[in-house]
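Since the structure comes first, as structure tokens, the remarks are kept for the end.
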Amino acid sequence: MSRLKDQVVFITGGGSGLGLAIVERFVSEGARVGVLERSADKTARLIEGFPDAVVAVTGDVRSYEDNERAVNATLERFGKLDVFIGNAGIWDHGASLLGTSPKRLDAGYSEIFDVNVKGYLLGARAAAPALVQSQGAIIFTLSNSAFYPGGGGPIYTATKHAAVGLVRQLAYELAPKVRVNAVAPSGMASDLRGPVALGQENARIMDSRSPESIRAILPLQFFPSPEDFVGPYVMLASRADNRTLSGVMINADCGLGIRGIRYVAGGLDL
Ligand SMILES: NC(=O)c1ccc[n+]([C@@H]2O[C@H](COP(=O)([O-])OP(=O)(O)OC[C@H]3O[C@@H](n4cnc5c(N)ncnc54)[C@H](O)[C@@H]3O)[C@@H](O)[C@H]2O)c1
């Protein structure tokens, strides 16, 4: 497979889950990848697993300096940048408005917005000059929570809606040089955690959900793995396969948007 041969990609949160699946697939498609990842252990595993194709930097997406350091490390190692993928994120484990104290709501808002929204903004700012030069692409990871309620609490849902605004505004500002798009996955098993401010830093998404509970709500009726979401990223990153899309959000949500008002299990027996 060589759909991304000689393309250079910078991704945040590439150490596990969806980000790691993207790194693995992009490398297998011929790309070389720079990663900014908060976990030093995950960074070390990336360096060990991909000594030639990946440059991984430990740092925090909330820091512009860390984003810039990772972009510079990618440029120094691979000579150019074609794609930025904003992907690092945290969840709120569905912390609801009335179920969360005002103090925690305040602090949780700041932490989750900083990672999920400011992280994308600062990553794009650090990568954009090189992307303008290469006439490349930006791709953001959204969520079903960018479109529908119930996939998280109000804070997480609002961060993913905010990222839709980033896609549209950056697609507008960076045209005609850079295509800016997004992929919005549904639930999957990953290391996705919550914020320190809500006491959720050690809680993983699958601690509170089962594969069966996710499968049951999805019209396509299977429990997707991180690898199942990667195809749209390859397509959006590819110069050959995407000359025309910018400002587009791909709902890779196993059909959540067409559930309608009838519970799918009571639907047609196909
Ligand atoms: N897991 C799901 O069900 C699901 C569903 C829809 C969307 N998403 C989105 O997918 C994206 C990837 O999440 P995932 O599910 O693969 O979880 P994950 O935790 O496995 O991967 C996220 C990675 O980002 C890193 N990270 C977190 N905060 C960071 C920070 N401040 N700076 C740098 N790195 C940081 C983590 O260490 C981790 O390696 C997120 O944007 C998430 O919102 C996940």
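No lab work stands behind these numbers, since they all come straight from the coordinates. Note that the structure is predicted; figures quoted are calculated from it, not measured. Because the Cβ atoms are built from the backbone with ideal geometry, glycine has one as well, and the counts that use them run over all protein chains shown.
Structural remarks
- Separation of the SER213 and GLU227 label points, Cα + 7 Å toward Cβ, nm: 2.6
- Charge-dipole axis of the chain as Lys and Arg at +1 and Asp and Glu at -1 on Cβ define it, positive-most pick from GLY86, ALA126, MET249: MET249
- Percent of Cα-Cα distances greater than 22 Å, calculated over the chain: 54
- Charge dipole (debye, nearest 20) of the chain; +1 at Cβ of Lys and Arg, -1 at Cβ of Asp and Glu: 560
- Packing-based order for 155-168, 178-191, using average beta carbon neighbours within 10 Å, highest first: 178-191, 155-168
- Considering only SER96, SER225, SER213, the mean-square fluctuation computed in a Gaussian network model of the chain, springs between alpha carbons under 10 angstrom, is largest for SER213.
- The range 78-212 - percent relative contact order, Cα under 8 Å, separation 6 or more: 33
- Counting only the Cα atoms, the range 1-46 fills a convex hull of 56 Å³ per residue.
- In a reduced charge model with +1 at each Lys and Arg Cβ and -1 at each Asp and Glu Cβ, the range 1-134 shows a dipole moment near 180 debye about its Cα centre.
- Each Lys and Arg Cβ is given +1 and each Asp and Glu Cβ -1; about its Cα centre, the range 40-109 then shows a dipole of about 200 debye.
- Contact order normalised by residue count of the chain, Cα under 8 Å, 6+ apart, percent: 19
- Summarising the label geometry, the points placed 7 Å from Cα in the beta-carbon direction at ASP241 and SER28 lie 1.3 nm from one another.
- Working note: 222 nm ellipticity from helices only, DSSP H runs with n ≥ 4, each -39,500 (n - 2.57), summed and divided by the residues of the chain, gives -11500 deg cm²/dmol to the nearest 500.
- Computed E for VAL196/ILE47 - FRET, C-beta separation, R0 25 angstrom, nearest 0.05: 0.45
- In this rough spin-label picture, where each label sits 7 Å from Cα along the Cβ direction, the LYS103-ARG259 distance is 3.5 nm.
- Under a Gaussian network description of the chain, with springs only between Cα atoms under 10 Å, the residue in ALA130, ALA240, ALA171 that fluctuates furthest is ALA240.
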